[in-house]
1. In the range 15-69, what trypsin sites (Lys or Arg not before Pro) fall in a loop by DSSP, with at most 11 other Cβ atoms inside 10 Å?
2. Rounded to the nearest 500, what is the chain's calculated 222 nm mean residue ellipticity when only DSSP H runs of at least 4 contribute -39500 (n - 2.57) each, over all residues?
3. Which one, 172, 98, 159, is farthest towards the positive end of the dipole of the range 3-194 when Lys and Arg carry +1 and Asp and Glu -1 on their Cβ?
4. Once you wrap a convex hull around the alpha carbon atoms of the chain, what is its projected area averaged over all directions, in nm²?
5. Looking at the chain, do any whole DSSP H helices span at least 27 angstrom along their long axis by alpha carbon and average -1.0 or above on Kyte-Doolittle, and which?
6. Pop out the ³J(HN,Hα) list for the range 172-188 in order, Karplus 6.51 cos²θ - 1.76 cosθ + 1.60 with θ = phi - 60°, rounded to Hz; leave Gly and Pro as x.
7. Could you please state, rounded to a whole Å, how far the C-alpha centre of the range 17-65 is from the C-alpha centre of the range 109-145?
8. In the structure displayed, which of 57/94; 82/166; 57/96; 57/82; 67/96; 9/57 lie more than 22 Å apart, Cα to Cα?
Amino acid sequence: MDGAQHYLKRIASEQDGFWQVLINYFPNVCNKNSRILDICCGVANEEPLLVRHFGKKTELISLDNNKGLESLLNELGRKSVKIGDVRELDRHVKGKFNLVMGRNVPLNPNYDAFRDRVFDYWPDVFEDLSRFMTSDATLFLTLVREDEFYRAEEILNWAGYRIRLKEINPIIVPSDYIGIQGADTKDSYVIIAQPPLQLRLFQC
Ligand SMILES: C[S@@+](CC[C@H](N)C(=O)[O-])C[C@H]1O[C@@H](n2cnc3c(N)ncnc32)[C@H](O)[C@@H]1O
């Protein structure tokens with residue numbers, strides 16, 4: 001088996017795992033015309049699965065800031081992916097989404113060697129993200145590591161999200177090893193939340 005075949009096989013088993021995740025966490029799909037935003041999508045292996053599960057009329061936008069993925073994304077025939085930074089959502093997406101998905105979002109704080117400090121932009125990202133969610137939208141996050149799971153909970157609470165479920169994913173999703181170094185499995189922890197309540201003042 002050559003390298004490309006190995007690679008495609010790994011993607012296929014990752015997709016099989018994530019398909020089970022979709023069926024488990026979204027067993028009833030009521031709105032078949034939904035808008036979905038997939039942040040930090042990497043090679044967006046979930047793209048065909050989301051369209052299959054949520055319906056062909058789903059408008060899916062996937063976002064990742066790694067320009068180096070472009071040729072692989074083309075090879076894989078991904079159509080929904082925009083190269084862009086989740087810190088600049090206004091530049092890349094318009095309108096509101098019914099579902100925001102973030103698989104294996106790297107929530108660990110980033111070290112800025114130039115300024116010799118650790119900075120963590122994720123609280124700002126999640127605070128801003130709520131502007132792009134309908135009031136009844138769902139945020140579906142998966143995390144690889146336990147510390148990221150607790151950090152996600154902390155950030156979402158701080159930003160006013162209403163956490164509906166947080167648990168160890170009962171479904172094993174094998175890693176495709178493309179975006180995640182050193183982890184045999186991914187989507188290890190799941191958090192489902194709703195955006196902060198938006199108070200609307202009475203207007204005359
Ligand atoms: C651990 S990988 C997960 C990729 C994919 N969701 C998956 O589960 O296979 C994290 C991804 O987040 C992307 N990423 C990190 N920071 C980002 C940012 N500020 N804006 C957009 N994408 C970002 C990386 O380029 C990388 O593809």
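The values are calculated or read from the model by the stated rules, or taken from the named source; none is laboratory data. Because the structure is predicted, anything quoted here is derived from the model rather than measured. Neighbour counts run over all protein chains shown; Cβ positions are idealised from the backbone, glycine included. The accessibility values were calculated without ligands, DNA or RNA, using every heavy atom of the protein model including side chains. Shrake-Rupley method; radii C 1.70, N 1.55, O 1.52, S 1.80 Å.
1. 32, 56, 57
2. So the helix-based figure for the chain works out to -9000 deg cm²/dmol.
3. 98
4. 13.6
5. 3-25
6. 7, 10, x, 6, 8, 6, 7, x, 10, 7, x, 10, 6, 10, 9, 6, 5
7. The range 17-65 and the range 109-145 have Cα centres separated by 20 Å.
8. As for pairs spanning more than 22 Å Cα to Cα, those are 82/166; 67/96; 9/57.
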